[in-house]
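The values are calculated or read from the model by the stated rules, or taken from the named source; none is laboratory data. As the structure is a prediction and not an experimental result, all values here were calculated from the model. Because the Cβ atoms are built from the backbone with ideal geometry, glycine has one as well, and the counts that use them run over all protein chains shown.
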């Protein structure tokens with residue numbers, strides 16, 4: 001797509017999703033043809049929809065759609081009006097798979113028992129199955145299980161129940177889909193695509209927080225001067241703006257490298273931008289930022305979930321640092 005076509009696509013998709021309301025995004029996005037674009041031009045599809053998710057805060061997530069499409073497995077692709085496969089991501093705050101295979105498959109059988117522990121995105125679409133990355137000793141196994149309402153406990157994750165992100169725990173039987181190196185490669189593809197999508201969404205959330213704060217400090221006065229004219233205010237906003245630029249560039253750079261470290265870096269910087277916006281914008285908005293009527297809390301609550309999903313910004317920096325120290329860090333982008 002050229003620039004004009006992307007702008008038209010963005011405008012049209014924004015009109016469709018904004019008009020659908022927070023609870024009807026899955027149907028609206030599917031009917032618009034976004035999944036077809038995801039197959040043809042993933043960069044445009046992911047960057048635009050993830051940005052809109054961060055701005056409009058629907059009660060649904062398309063991180064699963066993006067991550068499963070990146071695997072290239074046709075059986076997990078989204079079909080109109082069909083039940084969907086959902087990924088069980090690690091518990092909030094961790095990049096380490098939390099589910100554990102308790103009873104490995106017996107010889108000649110691909111069935112196993114898995115103790116599920118993680119977070120999954122639920123929305124009005126029917127659930128066909130759960131895709132559960134799980135640990136079997138030091139190895140990784142990918143297991144497919146039903147969404148067993150009797151044996152799986154579900155509760156809202158984080159401080160925004162409306163987000164759809166749900167904590168799931170319990171023990172269920174499932175089918176082993178892949179093991180060993182194949183499972184590790186599959187999880188790397190899923191994690192990389194999810195981190196990339198989350199980066200764009202977090203950047204949009206931080207940008208909305210920053211924009212609202214700039215509007216606030218330029219429209220209100222103290223001691224006869226605009227709030228934004230004070231040096232402390234300028235420095236706080238400038239610091240957040242620097243992190244925004246870093247995060248935006250890192251998200252776009254993930255398309256230039258096939259290394260899984262690129263999306264990890266982007267997610268880490270997006271989380272750092274969000275944390276900077278949360279801290280500085282909350283302070284500069286003053287009492288208004290603490291009110292339920294102001295939009296700030298909506299972005300803060302959603303961001304606090306996404307920043308922890310697949311690892312916090314601090315945890316991801318530690319992971320990247322370990323790669324640098326060991327000498328395994330690849331060149332992520334041409335400078």
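Just a few scattered comments:
- Among the residues of the range 184-219, the ones that are touching a residue at least 60 places away in the same chain (Cβ under 8 Å) and in contact with a strand residue (DSSP E or B) (Cβ under 8 Å, 6 or more places away or on another chain) come to 5 in all.
- Residue match in the range 150-160 (condition: in contact (Cβ under 8 Å) with a residue 60 or more places away in the chain, under 30 Å from residue 249 (Cβ atoms) and touching a strand residue (DSSP E or B) at 6+ places or on another chain (Cβ under 8 Å)): yes
- Strands (runs of 3 or more DSSP E) enclosed by the range 117-162 - at least 2 residues per element that are within 22 Å of the chain's Cα centre (by Cα) and under 15 Å from residue 65 (Cα atoms): 127-136
- Condition met for residue 284 (farther than 21 Å from residue 54 by Cα, buried (at least 19 other Cβ atoms within 10 Å of the Cβ) and outside the structural domain of residue 192 (by TED's automatic domain parsing)): no
Residue by residue, here is whether (1) surrounded by fewer than 16 Cβ atoms within 10 Å (Cβ to Cβ); (2) modelled with pLDDT under 95; (3) not in a helix (DSSP H, G or I) holds:
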position: 247; (1), (2), (3): no, no, no
position: 259; (1), (2), (3): no, yes, yes
position: 270; (1), (2), (3): no, no, no
position: 275; (1), (2), (3): no, no, no
position: 321; (1), (2), (3): yes, yes, no
position: 329; (1), (2), (3): yes, yes, yes
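- The residues of the range 172-229 that are surrounded by 24 or more Cβ atoms within 10 Å (Cβ to Cβ) and over 17 Å from the mean Cα position of the chain (by Cα), listed by number, are 174, 209, 213.
- Qualifying residue in the range 286-300 (condition: in contact with a strand residue (DSSP E or B) (Cβ under 9 Å, 6 or more places away or on another chain) and either part of a helix (DSSP H, G or I) or on the phi < 0 side of the Ramachandran plot (or both)): no
- A search for C-beta distances below 6 Å between a residue of the range 239-261 that is touching a residue at least 60 places away in the same chain (Cβ under 8 Å) and any residue that is surrounded by fewer than 17 Cβ atoms within 10 Å (Cβ to Cβ) and part of a helix (DSSP H, G or I), counting only pairs 6+ apart in sequence or on different chains, returns 255/43; 260/188.
- Subset of the range 127-139 that is within 14 Å of residue 182 (Cβ to Cβ) and at pLDDT below 95 - its residue that is surrounded by the fewest Cβ atoms within 10 Å (Cβ to Cβ): 139
- Index of the failed condition, residue 27 passing every other in (1) modelled with pLDDT of 95 or more; (2) in contact with a helix residue (DSSP H, G or I) (Cβ under 9 Å, 6 or more places away or on another chain): (1)
- Residue list for the range 66-101, filter: assigned to a helix (DSSP H, G or I), closer than 26 Å to residue 170 by Cβ and at pLDDT below 95: 71, 75, 76
- Single residue of 63, 46 found to be modelled with pLDDT of 95 or more, buried (at least 22 other Cβ atoms within 10 Å of the Cβ), closer than 21 Å to residue 249 by Cα and touching a strand residue (DSSP E or B) at 6+ places or on another chain (Cβ under 9 Å): 63
- Residue match in the range 200-209 (condition: assigned to a strand (DSSP E or B) and on the phi < 0 side of the Ramachandran plot): no
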